[in-house]
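Heads up, the thing below is written out as structure tokens.
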Amino acid sequence: MAYWLIKSEPDVWSWDQQVKKGITGWDGVRNHQAANNMKSMKVGDQAFFYHSNEGREIVGIATIVKTAHPDPSDETGKFVMVDVKADKPLKKAVTLAQIKADPKLASMALIRQSRLSVCAVSDAEWAHICKLGGL
DNA sequence: GCCAACGTTGGC
DNA sequence: GCCAACGTTGGC
């Protein structure tokens, strides 16, 4: 099983909305690297749900429930999305500042490529963030 | 609101 | 195919 991190601006799509809605298509990704990451996702993979811009923190964990398929919001038909479902919230949100300040996490893809909206998380990083999040 | 990083577009 | 111009993302 692999681990990921998906970003969303809470103004546009927040964790609360995800919880309320249950399963949603993660549409709107228009970056090839991010799209490639989604193509690598398998059903059952887990992803941190990160609030960008406002909050700048990891607030919950989502599960991948459907692998990459065409994104209906993409008129060119080139991009894909996966379906995700809210799994559980972190007891304590893990902030970007915390991640940057932690030597175990400072080299995460999230930090190295700040503009990449779907990025991979290593097993060690996943475990450490879960611990910081009180899980 | 500013700016750095980076992706995309279009002229050549 | 190169590269300058421009647009977007996202942290601060």
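If the Cβ limit is 8 Å and pairs must be 6+ apart or interchain, which residue in the range A:10-24 that is free of Cβ contacts under 8 Å to residues at least 60 places away in the same chain pairs with which residue that is among the polar types (S, T, N, Q) and part of a loop (DSSP other than H, G, I, E, B)?
A:P10/A:N53; A:D11/A:N53
Of the residues in the range A:81-103, how many are surrounded by fewer than 20 Cβ atoms within 10 Å (Cβ to Cβ), within 15 Å of the chain's Cα centre (by Cα) and of a type in the set (A, V, I, L, M)?
So the answer is 2.
Could you look through the range A:32-55, keep only residues that are within 11 Å of DNA strand C (Cβ to nearest atom) and surrounded by 14 or more Cβ atoms within 10 Å (Cβ to Cβ), and pick out the one that is nearest to A:L132 (Cα to Cα)?
Going through the qualifying residues, I end up with A:Y50.
Condition test on A:D11, is it within 16 Å of DNA strand C (Cβ to nearest atom), over 18 Å from A:D74 (Cα atoms) and over 14 Å from the mean Cα position of the chain (by Cα)?
yes
Could you list all residues from the range A:27-38 that are without any contact (Cβ under 8 Å) to a residue 60 or more places away in the chain and either part of a loop (DSSP other than H, G, I, E, B) or more than 19 Å from A:E75 (Cα to Cα) (or both)?
A:D27, A:G28, A:R30
Exactly one condition in (1) within 16 Å of DNA strand B (Cβ to nearest atom); (2) more than 23 Å from A:D16 (Cα to Cα) is not met by A:S122; state its number.
That leaves (1) as the condition not met.
Any idea which residue in the range A:56-74 is nearest to DNA strand C (Cβ to nearest atom), counting only those that are polar (S, T, N, Q) and more than 28 Å from A:Q98 (Cα to Cα)?
Here the residue is A:S73.
All of the numbers you see were taken from the coordinates with simple rules; none came from a lab. These numbers were taken from a predicted model, which means no experiment stands behind them. Glycine gets a Cβ as well: all are built from the backbone with ideal geometry, and neighbour counts include every protein chain shown.
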